[in-house]
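As structure tokens, the structure follows; a few thoughts come after it.
Derivation of every value follows stated rules applied to the coordinates shown; laboratory data play no part. None of the values given here were measured: they were computed from a predicted structure. Methodologically, a virtual Cβ is constructed for each residue, glycine included, from the backbone with ideal geometry; neighbour enumeration extends over all protein chains shown.
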Amino acid sequence: MLCKPIPIIKKTLGLLLLALGTVTTASAQQSSCSAKIDQLPDALELRGFHLGMTYDQVKARVPPIQFGRADEFGVAKTSINPSFGPQFDKASFADVRTISLDFLDGKLVTVWIGYESTFKWQKLDEFVAGMSNSLNLPGAWPPKRGGQQLTCDGFSVFASVIAGSPSIRISDDAAQETIANRREAAAAAAEAAEAAVIGDQRTKFYYLSDCSGREKVPEASRVIFKDKDEAEKAGYKLAKDCQ
């Protein structure tokens, strides 16, 4: 009879299931973070910055700071170098090399801080542990792109070592999604405009996307068709430049 190996198979299967359960549990523990943006404490290590600040609030914190114009998507970026700029208060920015700030529609959505070699936590593991404690976040940050990242409810925190010293980036994930959606919409609109058929109301000719003559059609005389069939149904004919 061949029944004796069955207990071995059951035991092996049980061990595999146990191992899988352990990995799944550990993974869940690593990535579990229910903290919200408004629950982040005013940690000393962040030097007074927090997500959601307005231009005025940032200016009140750092009077010498300058803001550039927002781009077509509502994004504005700026950086300061407290270690090198004589106009910055060295005491309040001790051990900080660079601070980069990203705004969306006038609200701070990303804070990146790069620390000096004199900062108290230099090794990545101790830096993550220290920041977790200061920000009241879980201590296990999964590895990501040469650093460690913790994803919470609406925001993420990424730690890495750059030029031998630690850095941290706190980002509003909903804002990043908004930026990405705006860029995708703009790209799609540009692609659609490029592919659209241009009609000239004066001549009743239409031009395809690869016709050189379409650029010569004045804006006031332009009419947009989704394709050549629509243009022809409207009484337009293919321009000679396109034939």
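Using a Förster distance of 22 angstrom, determine the FRET efficiency expected from the C-beta separation of A193 and D105, and round it to 0.05. Using R0 = 22 Å, I get an efficiency of 0.35.
Which aspartates and glutamates, on any chain, are close to K237 with Cα under 20 Å apart, when same-chain ones fewer than 8 places away are left out? Leaving aside aspartates and glutamates fewer than 8 places away in the same chain, those within reach of K237 are E194, D200, D210, E215, E219, D227, D229. Tell me whether the stretch 58-165 comes out rounded, prolate or oblate; compute the Cα gyration tensor, take square roots of the eigenvalues as a ≥ b ≥ c, and use a/c under 1.5 as the rounded threshold. Here the stretch 58-165 falls in the oblate category. Comparing mean-square fluctuations of Y55, Y207, Y115 from a GNM of the chain with C-alpha springs under 10 Å, the top value falls on Y207.
The convex hull around the C-alpha trace of the stretch 105-153, projected and averaged over every direction, spans 4.8 square nanometres. Projecting the Cα atoms of S167, Y115, G139 onto the charge dipole of the chain (Cβ charges, centred on the Cα centre) puts G139 farthest toward the positive pole. What is the dipole size for the stretch 140-186, taken about its Cα centre, with +1 at each Lys and Arg Cβ and -1 at each Asp and Glu Cβ, in debye to the nearest 20? The calculation lands at about 220 debye. Which option, [x] 64; [y] 46; [z] 58, is the value of percent of Cα pairs over 24 Å apart that was calculated from these coordinates? Evaluating percent of Cα pairs over 24 Å apart on these atoms matches [x].
If you place +1 on the Cβ of every Lys and Arg, -1 on the Cβ of every Asp and Glu, and leave all else neutral, what size is the dipole of the chain about its Cα centre, to the nearest 20 Debye?
Rounded to the nearest 20 debye, it is 560 debye.
Students often get this wrong, so check it: of K77/K226; K59/K90; K59/K123; K59/K144; K36/K90, which have C-alpha atoms separated by over 27 Å? From K77/K226; K59/K90; K59/K123; K59/K144; K36/K90, over 27 Å: K77/K226; K59/K123; K59/K144; K36/K90.
Rounded, prolate or oblate: which fits the stretch 79-140, taking a ≥ b ≥ c as square roots of the Cα gyration tensor eigenvalues, rounded meaning a/c under 1.5, else prolate when a/b beats b/c? Since a/c reaches 1.5 but b/c is at least a/b, the shape of the stretch 79-140 is classed as oblate.
Considering only V109, V157, V217, the mean-square fluctuation computed in a Gaussian network model of the chain, springs between alpha carbons under 10 angstrom, is largest for V217.
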